[in-house]
Amino acid sequence: MNLGSLFRKQRAVGLDVGTGSIKALTAERHGKEIVVVGRGMTTLEPGADSRQISQAIHATLAAAGAGGEPVVAAIGGTDIVIRQVSLPPLPPAKILPALEIQHRELGLLPPGEAIMDAQILRRSKDGTSREILSISAPKGLIDERLKLLQQASVNVRILDVEPLALLNGALHLTGLDPGELLVLLTVGRHSSVLCLFSEQGPVVARYLDVGAESFTEQLRVTFEVSPYSTQPFVQNLPATEVTRAETACREIIERMAEDIRLSLTFYRTEYDRESLPRYALGGWVDLPHIGRWVADRLGLGAPLEIMDPFGAVEVKVPAAGPDLGAAGPQFLQAFGLALRGL
């Protein structure tokens with residue numbers, strides 16, 4: 001018997017290659033607990049080329065203590081199709097061929113133009129069907145991401161899709177109850193991702209055309225702040241200016257809230273009328289009032305729940321290097337990817 005294998009820690013690295021920054025999170029499973037043992041983040045300037053992105057990936061993985069380790073990465077974008085479909089109880093090996101044959105009826109991308117994957121979610125109570133989570137992504141999108149990671153000499157262990165990685169991280173942090181419907185808003189640099197999920201329905205994901213830059217640009221103009229001072233100003237917004245800032249961002253917040261309302265109405269009408277919505281926020285939260293502003297527009301009594309891996313799981317990282325503790329919500333995708341590898 002190899003006693004060493006009984007005590008070996010499971011370890012995985014989640015790598016989030018975003019438009020504004022690269023983030024890496026190294027996690028280990030210690031028994032039933034998840035522990036963050038490394039984290040790194042490198043900012044990307046607008047228009048960064050592949051060489052600069054490769055350098056940023058190397059620096060980020062080194063900061064996360066994961067240089068040379070295989071990573072779990074992701075692709076994202078509106079071209080990715082995620083569907084939950086019902087199929088007869090086929091053997092696992094026949095699920096993908098069945099999806100390819102029926103791709104038009106199911107709204108999936110043509111097999112010749114896309115890579116398809118599937119996962120069995122649940123079986124019907126009478127055993128006559130299976131609920132399948134199917135994903136199809138354009139080959140060009142996958143090839144582009146793999147080429148970038150290959151140029152950076154990164155060994156890809158798993159390639160996931162962004163909405164499912166975000167949802168994976170949020171489900172771990174919330175411990176969603178069977179009677180709850182998760183409404184997850186993740187704010188990115190240029191766009192945001194809205195995910196809805198309950199045990200009674202499928203995964204529904206939408207990309208919203210508003211992101212962090214929508215807020216920072218609006219505040220820069222309103223308060224006449226220089227482009228180089230905008231981010232520090234936003235992060236340390238004086239309490240006396242919060243009302244003025246909310247007024248300036250009202251149209252952006254209303255667009256977000258309306259997208260959430262419409263998506264939730266669709267989900268409850270089509271899939272799950274009973275579960276209680278649970279609202280959560282991840283990604284860019286440098287403007288700490290976003291969660292409350294969106295909640296107010298939705299008529300909620302409390303701000304959106306912040307998805308912060310560093311505040312919810314044990315963190316054991318070296319003291320050297322920048323303190324990223326406050327950036328936890330931005331690591332939601334990297335956290336979800338790391339969980340995928342554990």
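Below is a table of values for the structure above.
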read-out: Candidates Ala48, Ala66, filtered to the one that is in contact with a Gly (Cβ under 7 Å, 6 or more places away or on another chain) and in the same structural domain as Ala327 (by TED's automatic domain parsing); value: Ala66
read-out: Test: residue in the range 153-164 that is of a type in the set (Gly, Ala, Ser) and surrounded by fewer than 15 Cβ atoms within 10 Å (Cβ to Cβ); value: yes
read-out: Test: Thr78 is of a type in the set (S, T, N, Q), farther than 30 Å from Thr128 by Cα, modelled with pLDDT under 95 and in contact with a His (Cβ under 7 Å, 6 or more places away or on another chain); value: no
read-out: Scan of the range 251-269 for residues that are touching a residue at least 40 places away in the same chain (Cβ under 8 Å) and not polar (S, T, N, Q), ordered by number; value: Ile252, Ile253, Glu254, Arg255, Met256, Ala257, Asp259, Ile260, Leu264, Phe266, Tyr267, Arg268
read-out: Filter pass, Gly65 being touching a helix residue (DSSP H, G or I) at 6+ places or on another chain (Cβ under 8 Å) and either surrounded by 13 or more Cβ atoms within 10 Å (Cβ to Cβ) or within 23 Å of Ser192 (Cα to Cα) (or both); value: no
read-out: The lone exception for Asp143 - which of (1) in a helix (DSSP H, G or I); (2) touching a helix residue (DSSP H, G or I) at 6+ places or on another chain (Cβ under 8 Å) it fails; value: (2)
read-out: Close pairs from the range 181-193: first outside the structural domain of Gly328 (by TED's automatic domain parsing) and closer than 15 Å to Val203 by Cα, partner assigned to a strand (DSSP E or B) and among the polar types (S, T, N, Q), Cβ under 6 Å, at least 6 apart; value: Val193/Thr186
read-out: Odd one out for Val35, checked against (1) surrounded by 19 or more Cβ atoms within 10 Å (Cβ to Cβ); (2) at pLDDT 95 or above; (3) among the aliphatic types (A, V, I, L, M); value: (1)
read-out: Residue, surrounded by the fewest Cβ atoms within 10 Å (Cβ to Cβ), within the range 15-29, restricted to residues that are hydrophobic (A, V, I, L, M, F, W, C) and touching a residue at least 40 places away in the same chain (Cβ under 8 Å); value: Val17
read-out: Any hit, the range 308-320, residues being closer than 24 Å to His190 by Cβ, among the β-branched types (Val, Ile, Thr) and in contact with a helix residue (DSSP H, G or I) (Cβ under 9 Å, 6 or more places away or on another chain); value: no
read-out: Residue check, Ser129 surrounded by 18 or more Cβ atoms within 10 Å (Cβ to Cβ) and touching a strand residue (DSSP E or B) at 6+ places or on another chain (Cβ under 7 Å); value: no
read-out: Strands (runs of 3 or more DSSP E) wholly inside the range 8-122 that include at least 2 residues being under 17 Å from Gln333 (Cα atoms); value: 10-17, 21-30, 33-43, 71-75
read-out: Boolean, Val203 is within 19 Å of the chain's Cα centre (by Cα) and under 25 Å from Ala12 (Cα atoms); value: yes
read-out: Matching residues, the range 243-298, being outside any helix (DSSP H, G or I) and over 21 Å from Arg220 (Cβ atoms); value: Tyr271, Asp272, Arg273, Glu274, Ser275, Leu276, Pro277, Arg278, Tyr279, Ala280, Leu281, Gly282
read-out: Residue tally, condition aliphatic (A, V, I, L, M), surrounded by 14 or more Cβ atoms within 10 Å (Cβ to Cβ) and part of a helix (DSSP H, G or I), over the range 223-242; value: 2
read-out: Breaking point among (1) in a loop (DSSP other than H, G, I, E, B); (2) modelled with pLDDT of 90 or more; (3) closer than 25 Å to Leu196 by Cβ, for Lys125; value: (2)
read-out: Residues (polar (S, T, N, Q) and surrounded by 21 or more Cβ atoms within 10 Å (Cβ to Cβ)) located in the range 261-297; value: Ser275
read-out: Residue count, the range 146-180 (criterion: modelled with pLDDT under 95, polar (S, T, N, Q) and assigned to a loop (DSSP other than H, G, I, E, B)); value: 1
read-out: Residue match in the range 301-314 (condition: of a type in the set (A, V, I, L, M), outside any helix (DSSP H, G or I) and closer than 21 Å to His30 by Cβ); value: yes
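The values are calculated or read from the model by the stated rules, or taken from the named source; none is laboratory data. This is a predicted model, so every value here is computed, not measured. In this analysis, Cβ positions are derived from the backbone assuming ideal geometry, glycine residues included, and neighbour counts consider all displayed protein chains.
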